[in-house]
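Input: a single structure, listed below in C-alpha cells.
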Amino acid sequence: MAEELKIYTKGGDKGETSLLGGTRVAKSHERVEAYGNLDELNSFIGLIRDQEIDAHYRAVLIRIQECLFVAEALVARDPEKQTRNLPSLSAEDILMLEKEIDEMNEELPSLTNFILPGGHPIVSYCHLARTVCRRAERSLIRLNQESPVEDIIIQLLNRLSDYLFVLARKTGKDTGAIETPWITQK
C-alpha cells in the first residue's frame with residue numbers, strides 16, 4: 001500500500017522549500033517562481049476545462065495539463081543533483097499543439113486587427129490563461145539565464161500561448177461572441 005502524502009510538512013515555515021533532489025532554496029528563488037507560474041497556468045487551464053466547451057477541447061486541455069505537470073517537475077528539480085527518473089516532454093507535444101492550432105484556424109476568419117480580450121467568459125478565461133502562460137515563459141527565460149532550462153519547455157509555453165489565443169477565438173465563435181477589434185485612435 002502506498003504511503004499517503006501529507007499535505008503540510010512545516011518545512012517551509014521559514015520561507016524555504018526543497019527542490020527535487022533535496023536542495024533547500026528561498027521560496028522567492030527564480031526556480032520556485034518559474035514552477036509556481038507553471039502551476040498557476042495549470043490551474044487556469046483547469047478553469048477553462050471546467051466550462052461548457054467541446055469535449056475534444058476538454059481532452060486536449062487535459063493533455064496540456066499533463067504536459068504542464070511534467071514541465072513543473074523538470075523545472076523543480078535541482079540541476080546540480082541526480083534525481084529520480086522524471087517523465088519528459090517531446091516534440092510530439094509541440095506538434096499536437098500546432099495541429100490543434102491549425103485545425104481551429106481553418107474555421108476562423110483571418111485576423112486583420114488585434115482583438116480585445118473578452119466577449120464571453122470562456123473567451124476571457126482563455127485570454128487570462130494566455131497571459132499567465134506568457135508570464136511563465138518569461139520567468140523560465142530569466143531562470144535559463146542563470147541555470148539551464150530544457151529548450152522544449154520554453155517551446156511548449158511559446159506554442160501554448162498561441163494555442164490559447166486561437167482557442168479563445170474558436171470558443172468565441174462557438175459561443176457566438178463578437179470579436180472586438182482594437183482600432184487605434186487617431
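Collect the residues in the range 43-93 that are polar (S, T, N, Q), under 19 Å from residue 129 (Cα atoms) and not in a helix (DSSP H, G or I), keeping them in residue-number order.
51
What are the residue pairs meeting all of these: first residue in the range 85-102, first residue touching a residue at least 12 places away in the same chain (Cβ under 8 Å), second residue surrounded by 12 or more Cβ atoms within 10 Å (Cβ to Cβ) and of a type in the set (S, T, N, Q), Cβ atoms under 8 Å, and 6 or more apart or on different chains?
Once the first residue is touching a residue at least 12 places away in the same chain (Cβ under 8 Å) and sits in the range 85-102, its partners that are surrounded by 12 or more Cβ atoms within 10 Å (Cβ to Cβ) and of a type in the set (S, T, N, Q) give 94/155.
May I ask you to list the residues in the range 87-114 that are more than 27 Å from residue 150 (Cβ to Cβ) and either basic (Lys, Arg) or exposed (fewer than 12 other Cβ atoms within 10 Å of the Cβ) (or both)?
106, 107, 109, 110, 112, 113, 114
What are the residue pairs meeting all of these: first residue in the range 105-133, first residue of a type in the set (Phe, Trp, Tyr) and outside any strand (DSSP E or B), second residue modelled with pLDDT under 95 and buried (at least 20 other Cβ atoms within 10 Å of the Cβ), Cβ atoms under 8 Å, and 6 or more apart or on different chains?
none
Here are the criteria: (1) closer than 25 Å to residue 53 by Cβ; (2) aliphatic (A, V, I, L, M); (3) within 20 Å of the chain's Cα centre (by Cα). Tell me which single one residue 178 does not satisfy.
Among (1) closer than 25 Å to residue 53 by Cβ; (2) aliphatic (A, V, I, L, M); (3) within 20 Å of the chain's Cα centre (by Cα), the lone unmet condition for residue 178 is (3).
Return the residue satisfying two criteria in turn: it lies in the range 161-175 and is closer than 21 Å to residue 37 by Cβ and of a type in the set (Ser, Thr, Tyr), and of such residues it is nearest to the chain's Cα centre (by Cα). Lay out the reasoning, then the answer.
If we filter the range 161-175 for residues that are closer than 21 Å to residue 37 by Cβ, which is where we start, we get 161-165, 167-168.
Within this subset, residues satisfying the condition of being of a type in the set (Ser, Thr, Tyr) are 161, 163.
On the way: 161: 8, 163: 10 Å.
Among residues in the range 161-175 that are closer than 21 Å to residue 37 by Cβ and of a type in the set (Ser, Thr, Tyr), the one nearest to the chain's Cα centre (by Cα) is 161.
Considering every residue within the range 149-159, establish whether at least one is surrounded by 21 or more Cβ atoms within 10 Å (Cβ to Cβ), in contact with an Asp or Glu (Cβ under 8 Å, 6 or more places away or on another chain) and within 20 Å of residue 69 (Cα to Cα).
The answer is yes; a qualifying residue exists.
So residue 138 passes all but one of these: (1) in a helix (DSSP H, G or I); (2) loosely packed, with under 12 Cβ neighbours inside 10 Å. Which condition number does it fail?
Among (1) in a helix (DSSP H, G or I); (2) loosely packed, with under 12 Cβ neighbours inside 10 Å, the lone unmet condition for residue 138 is (2).
Any idea which of 84, 77 is farther than 15 Å from residue 160 by Cβ, surrounded by fewer than 15 Cβ atoms within 10 Å (Cβ to Cβ) and either modelled with pLDDT under 95 or of a type in the set (S, T, N, Q) (or both)?
Testing whether each residue is farther than 15 Å from residue 160 by Cβ, surrounded by fewer than 15 Cβ atoms within 10 Å (Cβ to Cβ) and either modelled with pLDDT under 95 or of a type in the set (S, T, N, Q) (or both) leaves just 84.
Consider residue 183 carefully, then state whether it is among the hydrophobic types (A, V, I, L, M, F, W, C) and within 22 Å of residue 67 (Cα to Cα).
It is false that residue 183 is among the hydrophobic types (A, V, I, L, M, F, W, C) and within 22 Å of residue 67 (Cα to Cα).
Quick one: in the range 4-56, which of the residues that are modelled with pLDDT of 85 or more and of a type in the set (Gly, Ala, Ser) is surrounded by the fewest Cβ atoms within 10 Å (Cβ to Cβ)?
Among those residues, the one meeting the criterion is 55.
The values are calculated or read from the model by the stated rules, or taken from the named source; none is laboratory data. None of the values given here were measured: they were computed from a predicted structure. Please note: Cβ atoms are built from the backbone with ideal geometry, for glycine as well, and neighbour counts cover all protein chains shown.
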